[in-house]
Amino acid sequence: MSGIPQTRIRFYDEHPLMADFFGEVLSGLQQRPRCISPKFFYDERGSELFDAICRTEEYYPTRTEQQLLQTHAAEIAELIGEQCLLIEPGSGNSDKVRLLLDQLQPAAYLPMDISRDFLFQAAEQVANDYPWLDVYAACVDFTAPLNLPWCPDDGRRLIFFPGSSIGNFDPGQAEVFLRNLHNVAGDQGSLLIGVDMKKDPAILNAAYNDSEGVTAAFNLNLLHRIQRELNAELDPALFRHHAFYNEDQGRVEMHLISQRAQTLKIGDQQFHFDKDESIHTESSYKYTVEEFTDLAGRAGFTSRQVWTDPDQLFSLHYFDVRD
Ligand code: AVJ
């Protein structure tokens, strides 16, 4: 008996180009309102801080969705059937999929993530913990059109997109992205997606302004990253975290607010900020069950089941590609 775990995963690397951090930051700061994409939150420290947000008292989405997955895993398994191909774009640490694997008994699991080392480790751990499961990990940018020529072609496909990551897209982009998932799912495919719901603004405001200041640190980490990686002349302490629910837009907005008039220098460019001028760093859209069902419907999906928690905080939708 060998005590050395063998690597059982197949690793597919599309070598996604690292996003152009410098170029995107410069062009975002030139816009009005100024903005920087939330995808840049997730350097190593940012990923740690995000995990810490998920453990705060105020941030209900993670634990609520985990509860929903656990409670309804058997029903989800019945809807998709055994031996499916389970595809997870943006799989990260692959924690949530573990709540499904025993019941679902998929033929293969296909985690995909842009973060190569993180993906490799997470995929290996899943393969070791579930020795009966084939794991095909793919290092890709899942926001670019996906094709999966390298994975087994038999079996129904279930796309798993938890965490309400869909909320980061504005509704127009979300529809395009869902259309893309619809293509990947194929004729017999399905989509299991977690969506954060519209609710009392006080609950939303608390979730993005936790009392320990973890969300503030997560937001401000973006400035530390710009300072470090782009050699910017800026003092993160001269900005503050600001997050609020914008009821008209149906989204939580996160901003970094300049606490006084100041000039930032990045490369050979200067950016003058007035006091209280903001950089918009994230939108997190919230949907009623009906709004999201309509949005997914416009992308070609047919609703089969929706599960929500008793407090109507979070929704888990199951869609089929076919009518
Ligand atoms: C990972 C996009 C789902 O919008 O709630 C958490 C990120 N930002 N706290 C969200 C986030 C601030 C999160 N998503």
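Each reported figure results from applying straightforward, stated rules to the coordinates on display, with no laboratory input. Treat the numbers as computed from the prediction; the structure is a model and nothing was measured. Using ideal geometry, Cβ is built from the backbone for each residue, glycine included, and neighbour counts are taken over all protein chains shown.
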HN-Hα J in Hz across segment 180-195 - Karplus 6.51, -1.76, 1.60, θ = phi - 60°, x for Gly and Pro: 4, 5, 4, 5, 5, 5, x, 3, 9, x, 9, 10, 10, 9, x, 9
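Please arrange Arg304, Arg251 by how many other C-beta atoms lie within 10 Å of their C-beta, fewest to most. Numbers along the way, then the final one.
Details: Arg304 14, Arg251 21.
Result, fewest neighbours first: Arg304, Arg251.
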Find the relative contact order for segment 259-323 and round it to a whole percent, using C-alpha pairs within less than 8 Å whose residues are 6+ positions apart. 20 percent
Note to self: C-alpha centroids of segment 184-231 and segment 58-129 sit apart, in Å, by 19 Å
So in the chain, what percent of DSSP beta bridges are antiparallel if you round to the nearest 5? 60 percent
From the phi angles alone, apply the Karplus equation (6.51, -1.76, 1.60; θ = phi - 60°) to segment 230-238 and give each ³J(HN,Hα) in whole Hz, x where the residue is Gly or Pro. 10, 6, 7, 8, 7, 10, x, 5, 8
Near the amide H of Thr288, under 5 Å away, which other amide H atoms are found, from residues 5 or more places off or on another chain, if H is placed in the peptide plane? Lys198
Phi to ³J(HN,Hα) by Karplus 6.51 cos²θ - 1.76 cosθ + 1.60 over segment 25-34, Hz, x for Gly, Pro: 5, 4, 5, x, 6, 7, 6, 10, x, 5
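Hey, got a sec? Which GluC sites (Glu not before Pro) in segment 20-89 land in a DSSP loop and have at most 13 other Cβ atoms within 10 Å?
Working: sites: Glu24, Glu44, Glu48, Glu57, Glu58, Glu65, Glu75, Glu78, Glu82; in loops: Glu57, Glu58, Glu82.
Here the sparse-neighbourhood loop sites are Glu57, Glu82.
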Cα gyration tensor category, rounded, prolate or oblate, for segment 164-311 with a/c compared to 1.5: prolate
Counting Lys and Arg as +1 and Asp and Glu as -1, what is the net charge of the other residues whose Cβ lies under 11 Å from the Cβ of Ala217? -2
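Sorted from fewest to most neighbouring beta carbons within 10 Å, what does the list Asp311, Asp95 look like?
Numbers: Asp311 12, Asp95 17.
The order, fewest Cβ neighbours first, is Asp311, Asp95.
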Just rank His272, His280, fewest to most, by other beta-carbon atoms within 10 angstrom. His272, His280
With charges only on Cβ, +1 for K and R and -1 for D and E, what is the dipole size of the chain about its Cα centre, in debye, rounded to 20? 340 debye
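Using a cut-off of 13 Å between beta-carbons, work out the net charge of the residues near Asp309 (Lys and Arg +1, Asp and Glu -1, Asp309 not included). Walk me through the numbers on the way to the answer.
Details: positive: Arg63, Lys199; negative: Glu65, Asp196, Asp311.
That sum, taken over residues with Cβ under 13 Å, equals -1.
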Between Ala261 and Asp129, what's the calculated FRET efficiency when r is the beta-carbon distance and R0 is 56 Å? Round to 0.05. 0.55
